[in-house]
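So the structure is just underneath, and the comments pick up after that.
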Amino acid sequence: MNEAPRQITLREWDDRYERLQTRGVRQPVYGGPLGRHVADGDTRLLKLRYDSSLAALRLWNFLLTEEDRLRAARDAGKKLVGTMKDLGTVPVMAYSLDNLVAFYPDGAWWIPCVMEVNSGLLQIADSLGIDESFCPVRAMLGAFVTGTHFPIPDLLTCSVGATCDDFSAIAQRLNGLGHPILWWEIPHRRAPEVEEEAVQLPGDFSAPKGQIEFVQSELERVKTALEDLAGQSLGAEALAGGIAKANHVRWLLAQLRHLAFTATLCPMPALEMLIAEMLAIHFCSDQDETIVVLQELLEEVNLRVAAGTGYSSADAARVFWVNPVADLQVMNFLEDCGGRICGTEYLFAHALDPIPQTVPPMEALAQIALADPMVGSAADRAVRIVAEVRRFGAEAVIVSRIPGASHCALEGEIIGEIVRQECGLPVLEIEVPPLTDAMSPTLRTRLEALVETVENRRSR
Amino acid sequence: MYAGIDAGSRAIKVVLIGDDGFEIIAQGQVDQGVEQDQLACRLFEQVLADGGVCRSDVRRIVATGYGRNAIPMADTTITEITCHAVGVRHLVPDVMTVIDIGGQDSKLMRLDRNGKVRDFAMNDRCAAGTGRFLEVVADQLGLSLGDLGPMAALSRSPAAISSMCVVFAETEIIGLLAGGRAREDIVAGVQTAIASRIVAMAGRNAESPIVFTGGVARISGMETALQTALGRPVAISPEPQMTGALGAALLARRQHDSY
């Protein structure tokens, strides 16, 4: 950290990059100026504002080069596993095997945003009968059809059952297009009956032992498929090592989140924090590099906190954010409107929890899979959100709806009601489509009004 | 003295208040247009003239409303949510819930005992359940906005309007008219549907007294529809179209006093 942190445009980053190059600053193999991604069609990047640190540059380049890195991995003889509707379980197994690379085809949901709907992916989904009544993750279908945003994986897995209805429909359509899927079932997590043996899960949830055993048996099927693909077996020791490594990623994120959400001045903007958190679920196709990226970010944040620098003023409204946004620009709006990020629940809170290391590894993975906030009730999720809101001292909550996502239809009201009741905080529900340009004035008004409400409540 | 400018989607409103914060010196409104800043400027000058005061007498100006960021003469901006709450609270001191339906959006603000906004909800991005929606309906039925209330009062059996989307509702109304449904039933049905949408926003948290403000509060019949839907009394704010500008002026005074 040599300068005070700033949020800068892509063009400003490119100028800065040039200056850094002349000073001999080294970049990873996937590094380079951000502007080159615009040439690939990622025009939305021109409208975002980015953290000015080298650590953030590395994070963005890591994210935006995933396709190239996947193709390079295949060229190097690695096998690719597409882990759909899986927020941090199967990738842990895949990365425990030497020659597998797991990635997250669902990540294509950001392509319509990043390419400002010029990718044509949504139109392809439309033509396949998966129209805008479905979540924007339907863009994934178009990506499979064109084969231009990620290589077609050697194995596709998808969890099904207590997951999004619309994702299941999208994945079924994909299966029908000739992309065979290994389905694994995840049941709706329920509280144990009196006579049932209960298992404590990460996130303070509990489930009947029978459910854990069932999920474990499902994951065993996936493990066998991964072993077949890799041509090697995955022993308990190797898997335990993979879990330890995944937990290291989670530990780095826990440190990063704690500092970012509790420092007097926010040391890292909401947008970069969102991207960083996303690394937890599939490591952006490279687990080792994820660790390096997060270590650099953490180092930068540590330096900023120690130096007492950061974004926003010390009295910025402390906002807890629920659900990821389809339009990345909206995260910039938060700081524009006088807020700062102070806690998040982006649908994969369990992927930030340490995977238990005191039980056999497959059982541990079953436990973490069942701790997924999406497979329980919205009320369960709200309880976890309330705990996090209190932990980070948030003053308001934003529940961001994803248009078409079946889970968003009712959860906002339930989460809102419980947060209001338990914490007495204002809760704002917003809907964020892949491009918010047409509605940005009203969106900003809501965010500004939320910040004003927080400020007024302080002065009571 | 202090000024508030509410640059709404359908009209610009200006309120000028005295130093004591109680006396309204002058106020005015004009239809919104393309050159919003000039319209606001002219209206402001007119209001100053009506009040017999000079620009230099005005210590602070706060702009609010949809177009608040395009009013260069304002010293600062505050959202309409905060301004309506302050304006209504000034006029109805015991208010606990404010319903504001304007030209482009609808909002519900819950206040605490001190009159501060505790929480709020706002309609989604489209014109569903707003003044613009009523305008479209009135146009389609060959009525003016002022006709809607008396027309709705004639209804004995309000039509069920299932769509709150302006585009879909147009189609639905065409269908109802083609099916021989009386205009009064359609208007009453539309008002009921808008009220139901507000109730959905309110959830179980609409505490009385409830005050209805914004331009749509001037359309008779709407408060009755809201009362029926909420199951409790709803009072119309005095000068409902001006409460945002009034709140902005009051906040201008508070800000000035706090410096």
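Read-outs throughout are calculated quantities, based only on the coordinates presented, and are distinct from any laboratory measurement. What you see is a predicted model, and the numbers here were worked out from it, not measured in a lab. Virtual Cβ from ideal backbone geometry, glycine too; neighbours counted across all protein chains shown.
The table that follows gives values for the structure above.
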{"item": "Under 10 Å, Cβ to Cβ, from A:LEU229 - net charge with Lys/Arg +1 and Asp/Glu -1", "result": "-2"}
{"item": "Number of partner chain Cβ atoms within 10 Å, mean per residue of B:107-113", "result": "2"}
{"item": "Among A:LEU182, A:SER217, A:PHE167 the positive-end extreme of the charge dipole of the range A:133-241 (Cβ point charges)", "result": "A:PHE167"}
{"item": "Mean separation of Cα contacts under 8 Å (6+ apart) over length of the range A:296-403, as relative contact order %", "result": "36"}
{"item": "Percent RCO, i.e. relative contact order, over chain B, from Cα pairs under 8 Å lying at least 6 residues apart", "result": "25"}
{"item": "Global form of chain A, assessed from the alpha-carbon gyration tensor, a/c cut-off 1.5", "result": "rounded"}
{"item": "Distance between the range A:60-97 and the range A:410-460 - C-alpha centres, whole angstrom", "result": "35"}
{"item": "Exercise: per-residue mean of other protein chain Cβ atoms within 10 Å, A:423-431", "result": "3"}
{"item": "log10 of Debye I(q)/I(0), alpha-carbon scatterers only, for the range B:105-159 at 0.31 Å⁻¹", "result": "-1.15"}
{"item": "Per-peptide average of other Cβ atoms within 10 Å, ordering B:146-157, A:286-297 highest first", "result": "A:286-297, B:146-157"}
{"item": "Karplus-derived HN-Hα couplings along the range A:103-116 (A = 6.51, B = -1.76, C = 1.60, θ = phi - 60°), whole Hz, x at Gly and Pro", "result": "9, 10, x, 4, x, 4, 5, 8, 4, x, 6, 4, 9, 6"}
{"item": "Whole-Å distance, taken between Cα centres, linking the range B:69-144 and the range B:230-259", "result": "10"}
{"item": "Protection-proxy order for peptides B:217-223, A:266-272, each taking the mean of Cβ atoms within 10 Å per residue, highest first", "result": "A:266-272, B:217-223"}
{"item": "Centroid-to-centroid separation of the range A:119-163 and the range A:253-294 [C-alpha atoms, Å]", "result": "27"}
{"item": "Karplus 3J(HN,Hα) series, Hz, for the range A:134-142 with 6.51 cos²θ - 1.76 cosθ + 1.60 (x for Gly, Pro)", "result": "9, 4, x, 5, 4, 4, 4, 4, x"}
{"item": "Rounded, prolate or oblate (a/c below 1.5 giving rounded, otherwise prolate when a/b exceeds b/c) for the range A:70-190 by Cα gyration tensor", "result": "oblate"}
{"item": "Chain A: antiparallel DSSP beta bridges as a percent of all, rounded to 5", "result": "20"}
{"item": "Kirkwood Rh, angstrom, the range B:93-237 [1 / mean 1/r, Cα pairs]", "result": "15.2"}
{"item": "Rounded to 5, the percent of DSSP beta bridges in the range B:1-150 classed as antiparallel", "result": "75"}
{"item": "Peptides B:60-72, A:41-53, B:172-184, B:94-106 ordered by average Cβ neighbours within 10 Å, highest first", "result": "B:94-106, B:60-72, A:41-53, B:172-184"}
{"item": "Spatially near lysine pairs across chain A, Cα under 23 Å, sequence gap of 8 or more or different chains", "result": "8"}
{"item": "Residue-averaged beta-carbon neighbours from other chains (10 angstrom radius) around A:434-440", "result": "1"}
{"item": "Mean residue ellipticity (222 nm) of chain A, computed from DSSP H runs ≥ 4 via -39,500 (n - 2.57), nearest 500", "result": "-15500 deg cm²/dmol"}
{"item": "Amide H contacts under 5 Å for A:TRP184, placed H, 5+ residues apart", "result": "A:CYS158, A:SER159, A:VAL160"}
{"item": "Within chain B, helix-based [θ] at 222 nm, where runs of 4 or more DSSP H residues each add -39,500 (n - 2.57), nearest 500", "result": "-13000 deg cm²/dmol"}
{"item": "Share, in percent, of DSSP beta bridges within the range A:66-237 that are antiparallel, nearest 5", "result": "20"}
{"item": "Cα-derived Rg over Rh, computed across the range A:83-146 with Rh taken as Kirkwood radius", "result": "1.07"}
{"item": "Average Cα contact separation per residue, chain A, under 8 Å, 6 or more apart, as relative contact order %", "result": "18"}
{"item": "Of the DSSP H helices in chain B, those whose Cα atoms cover at least 20 Å axially and whose Kyte score averages -1.0 or more", "result": "B:36-51, B:183-202, B:243-258"}
{"item": "Shape category assigned to chain B from the gyration tensor of Cα positions, a/c cut at 1.5", "result": "prolate"}
